[in-house]
Amino acid sequence: MARGITESNVHTAADELVAAGERPTVDRIRAHLGTGSPNTVTRWLETWWQGLAPRLQAHNAQLALPQAPAAVGRLAQQLWEQALAAGEAQAQEALANDHAQLVQLREDLRSKDQDREARMAELVEQAGRAAQRAELAEQRLIDLQHGFDAQHAQIAELTAQRLFQEQRADRLEQELEAAQQAATERDNAWTTERDGLAAHVRSVEDRAHAEIDRARQECKEIRTQWSADQRAAEERAHLLRQQHDEAKAASIAAGREASELRGRAQALEQQLARLADLPAALEARLSQARGRTFKRGAGKAPSTGPAKRASKSSPAPASSKPK
């Protein structure tokens, strides 16, 4: 209900509308006053219509002509009654229209209330679904966070394994370099021993020209054997380097290939062990060749003083033992 709207305000506004030649309605009274709720204006307008007949009768009584003839009075009475009936019919019609407008307004308000309630229920349902989606999203976020933590731990573990495998590969590479250095040293020793053997063969040629062809042949065989052994050593060193490269490449995927790398490292260690036995075998073969050469030279050479001095002055073959 709007404040400041009274029954007197509504009745005054209705009288002013009738004086202006307009039928008083709820909308016109509200427009005339500039305020007021439809329910309040309708209630006070009904009281105005109810008091309209007594006010008109009082007004007619004030306008009565006591000196008028009886026939004129009856005609005036009839005219007044017809005016009252017409006014009452018009008032009833206006009241019915106002009542219909009020009913329509109430229906509109009820329909709007129903729509608003339906909309509110829909909004509540949407809010519930949104809350469920938010809960699902939060749970999904928690699951993703757990997965991220697990992946982070797995990455840290794989990183540690990769570092361990890299360190192992570096250690194997250092061992391979040491083995190559030892092989180089043994190769140098074999070269020195070969040079000494060649010098000895030349001295044997001076003492025993008859054995020179055989000595050369044996020397050639020794060189061939030494070359074959050297090639075998180089092939094994190349194989070791290749296996080392494969082990180093496999260390990048340490998480998935750790077991395979350990197997290859064990195989590499076994091959290194076999390579360590190779110098001893070569030394044994060279010792056997020198023994045969010395035996043949000693059997054919003359036992003279210069020959003995030559044999004494010839350098003794150096023996290299594997470290």
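The values are calculated or read from the model by the stated rules, or taken from the named source; none is laboratory data. Remember, predicted model here, so these are calculated numbers, not experimental data. FYI the Cβ positions are ideal-geometry reconstructions off the backbone, even for glycines, and counts take in every protein chain you see. Each accessible area value is taken on the protein alone, full model and side chains, heavy atoms only, with ligands, DNA and RNA left out. Shrake-Rupley method; radii C 1.70, N 1.55, O 1.52, S 1.80 Å.
Give the stretch 151-161 a look and list any residue that's open to solvent by 80 Å² or more (accessible area, probe 1.4 Å) and more than 14 Å from the chain's Cα centre (by Cα), or say none.
Start the filter on the stretch 151-161 by keeping residues that are open to solvent by 80 Å² or more (accessible area, probe 1.4 Å), which leaves 151-152, 154-155, 157.
Within the stretch 151-161, Q154, I155, E157 qualify.
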Worksheet, complete the sentence: Screening A298, A284, A289 for residues that are at pLDDT below 70 and assigned to a helix (DSSP H, G or I) leaves only A298
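For the stretch 220-236, enumerate the residues that are touching a helix residue (DSSP H, G or I) at 6+ places or on another chain (Cβ under 9 Å), hydrophobic (A, V, I, L, M, F, W, C) and either free of Cβ contacts under 8 Å to residues at least 24 places away in the same chain or surrounded by fewer than 17 Cβ atoms within 10 Å (Cβ to Cβ) (or both).
Residues of the stretch 220-236 touching a helix residue (DSSP H, G or I) at 6+ places or on another chain (Cβ under 9 Å): 221-223, 225-226, 229-230, 232-234, 236.
From what's left, hydrophobic (A, V, I, L, M, F, W, C): 222, 226, 232-233.
Hit for the stretch 220-236 is A232, nothing else.
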Worksheet item: Under 6 Å by Cβ, and 6 or more places apart or on different chains, what pairs join a residue from the stretch 160-182 that is touching a residue at least 40 places away in the same chain (Cβ under 8 Å) with one that is open to solvent by 60 Å² or more (accessible area, probe 1.4 Å)?
Response: A169/K248
Item to complete: Kindly provide the set of residues from the stretch 153-172 that are out of contact with any Ser or Thr (no Cβ under 8 Å at 6 or more places or on another chain) and either aromatic (F, W, Y) or modelled with pLDDT under 85 (or both), ordered by number.
Response: F164
Practice prompt. For residues that are modelled with pLDDT under 70, surrounded by 11 or more Cβ atoms within 10 Å (Cβ to Cβ) and either touching a Phe, Trp or Tyr at 6+ places or on another chain (Cβ under 9 Å) or not in a helix (DSSP H, G or I) (or both), tally how many sit in the stretch 40-75.
Written response: 3
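To keep it simple, each residue is scored yes or no on (1) under 41 Å from the mean Cα position of the chain (by Cα); (2) open to solvent by less than 70 Å² (accessible area, probe 1.4 Å).
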{"residue": "D108", "(1), (2)": "no, yes"}
{"residue": "D115", "(1), (2)": "no, no"}
{"residue": "V124", "(1), (2)": "yes, no"}
{"residue": "A130", "(1), (2)": "yes, yes"}
{"residue": "H146", "(1), (2)": "yes, no"}
{"residue": "D149", "(1), (2)": "yes, no"}
Worksheet item: Hey, any hits in the stretch 176-189 for a residue that's closer than 20 Å to Q266 by Cβ, open to solvent by less than 40 Å² (accessible area, probe 1.4 Å) and within 57 Å of the chain's Cα centre (by Cα)?
Response: yes
Worksheet item: From the list A210, A183, which residue is modelled with pLDDT under 75 and farther than 21 Å from Q288 by Cβ?
Response: A210
